[in-house]
Amino acid sequence: MAPIRMIDIAVNFTDGMFKGIYNGKQHHVSDIATVLSRAWNAGVDRIIVTGGSLEESKEALAIAETDGRLFCTVGVHPTRCKEFEESGDPKKHFQALLALAKEGIQKGKVVAIGECGLDYDRLHFCPPEVQKKYFEKQFELAYATKLPMFLHMRAAAEDFCEIMERNINKFTGGVSHSFTGSAEDRDKLLSFHNMYIGVNGCSLKMAENLDAVRGIPVERMMIETDSPYCEIKSTHAGINFVKSLWPSKKKEKYDKECLVKGRNEPCLVLQVLEVIAGCKGITDIDLFSATLYQNTCRVFFPHDLDAAADALLAGRNESQ
């Protein structure tokens, strides 16, 4: 049997923790190479690095250029949408994002517009009217580049889906990542035929989260860590389904052979796979991971879609 292959669709490699910086204080050396090596060894074979502002998207592209298995997004996170107006010239800011996305496409690195959407849990960073205005604006980026969208929806399902509805013809497809919504939110997202749902540790915290995830069809799901955040903790509802463990040490006692306690990283996407399989009662983890892999390629890596593997999967899924 071929080893499990996974794509982690959300890693925040621009975050200071991967440079060894926690709350502004340096605790250890920058260790992205070490983190990547652990991820490749765990069966991850591609990673999408998240961009959440113009500057961060530039950095995400630079990081993606360091390894053939790294890709990235270009866009502005809902909590940072004030940057359009604070730039002094929102139109120029939009053009800079578009130019960056086009440059990244030419380099074969930018695979989505995002992270964009609505976050009503953190309105202190950006008011809802500004979020809505620039979420809508970023569909124009998707339309101009023909890229799928990497989306963020937090406590904002109604407005989010309304904006999606209005712009449904502007983008080819996408994923609503780091899903933490209700069963009703899930069903709203699934009503868009070209929309997938990204699941990580934050999606698997409580029993009601597991219930919502249980109802996501396997063929509409992707997996992610959203590292360095959203790790699966010992208090999480699905912790008993975790089979793969790595040794960890506190950041003060950094050891490159170990994970840093409290810092999520892409190798742990395997735990996400295990918890979803456990809560859905899936026993064929190879088929499950292959289906998720195909879903992810279908949206973000359409040139690599293996038609033969697709046909095989379709046959095997029907026979189950």
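The values are calculated or read from the model by the stated rules, or taken from the named source; none is laboratory data. Only a predicted model underlies this, so the values are computations on that prediction, with no experimental measurement involved. Cβ placement follows ideal geometry from the backbone for every residue including glycine, while neighbour counts extend to all protein chains displayed. Heads up: the accessible areas ignore ligands, DNA and RNA and are worked out on the full protein's heavy atoms, side chains in. Shrake-Rupley method; radii C 1.70, N 1.55, O 1.52, S 1.80 Å.
Okay, here's what the table says:
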{"item": "Solvent-accessible area per residue, Å², over the chain with all protein chains present [probe radius 1.4 Å]", "result": "43"}
{"item": "The range 1-107 - charge dipole about Cα centre, Lys and Arg +1 at Cβ, Asp and Glu -1, debye rounded to 20", "result": "180"}
{"item": "Rg/Rg_ref, the range 1-131, where Rg_ref = 2.2 N^0.38 Å and atoms are Cα", "result": "1.15"}
{"item": "Largest-first principal axis extents, alpha carbons of the range 91-209, Å", "result": "44, 29, 25"}
{"item": "Choice from GLY88, GLY238, GLY181 with maximal GNM fluctuation in the chain (Cα, 10 Å cutoff)", "result": "GLY88"}
{"item": "Bridge type composition, the chain - antiparallel percent by DSSP, nearest 5", "result": "5"}
{"item": "Share, in percent, of DSSP beta bridges within the range 3-128 that are antiparallel, nearest 5", "result": "15"}
{"item": "Nearest-0.05 FRET efficiency for GLU162 and ASN194, computed from C-beta distance (R0 25 Å)", "result": "0.90"}
{"item": "Surface share of carbon and sulfur [accessible, 1.4 angstrom probe, percent] for the range 40-137", "result": "52"}
{"item": "Spherically averaged projected area in nm², based on the convex hull that wraps the Cα atoms of the range 167-289", "result": "8.6"}
{"item": "Theoretical FRET efficiency, 1/(1+(r/R0)^6), r = Cβ-Cβ of CYS258 and LYS91, R0 45 Å, to 0.05", "result": "0.40"}
{"item": "Inter-probe distance in nm under a simple model that places probes 7 Å from Cα toward Cβ, at LYS102 and LYS251", "result": "4.0"}
{"item": "Set of the range 145-165 residues, backbone N closer than 20 Å to the point 7 Å along the Cα-Cβ line of GLU184", "result": "153-165"}
{"item": "Rough spin-label spacing in nm, given labels placed 7 Å along Cα→Cβ, for LYS19 and GLU65", "result": "1.7"}
{"item": "Among ILE113, LEU245, PHE179 - extreme Cα towards positive end, dipole of the chain, charges at beta-carbon", "result": "LEU245"}
{"item": "Label-reachable residues, the range 66-85, where backbone N falls under 18 Å from a point 7 Å from ALA33's Cα toward its Cβ", "result": "66-70"}
{"item": "For the range 231-243, Karplus couplings with θ = phi - 60° (6.51, -1.76, 1.60), whole Hz, Gly/Pro x", "result": "5, 7, 9, 5, 8, 6, 4, x, 4, 5, 7, 6, 10"}
{"item": "For the range 113-169, projected area of the alpha-carbon convex hull averaged over all directions, nm²", "result": "3.5"}
{"item": "Relative compactness, the chain, computed as alpha-carbon Rg over 2.2 N^0.38 Å", "result": "0.95"}
{"item": "Theoretical gain in end-to-end length, HIS303 to ASN169 [0.36 nm per residue, Cα-Cα removed]", "result": "46.1 nm"}
{"item": "Violating pairs (Cα-Cα greater than 19 angstrom) within the set LYS19/LYS58; LYS133/LYS188; LYS132/LYS205; LYS19/LYS102; LYS102/LYS146", "result": "LYS133/LYS188; LYS132/LYS205; LYS19/LYS102"}
{"item": "Pair VAL218, SER244: separation of 7 Å Cα→Cβ label points (nm)", "result": "1.7"}
{"item": "Computed accessible area, ARG220, all protein chains, 1.4 angstrom probe, square angstrom", "result": "40"}
{"item": "Test item: Cα-centred dipole of the chain, Lys/Arg +1 and Asp/Glu -1 on Cβ, debye", "result": "580"}
{"item": "Cα-derived Rg over Rh, computed across the range 38-115 with Rh taken as Kirkwood radius", "result": "1.04"}
{"item": "Cross-link reach list, aspartates and glutamates versus LYS25, counting only Cα pairs under 14 Å and skipping chain neighbours closer than eight places", "result": "ASP15, GLU252"}
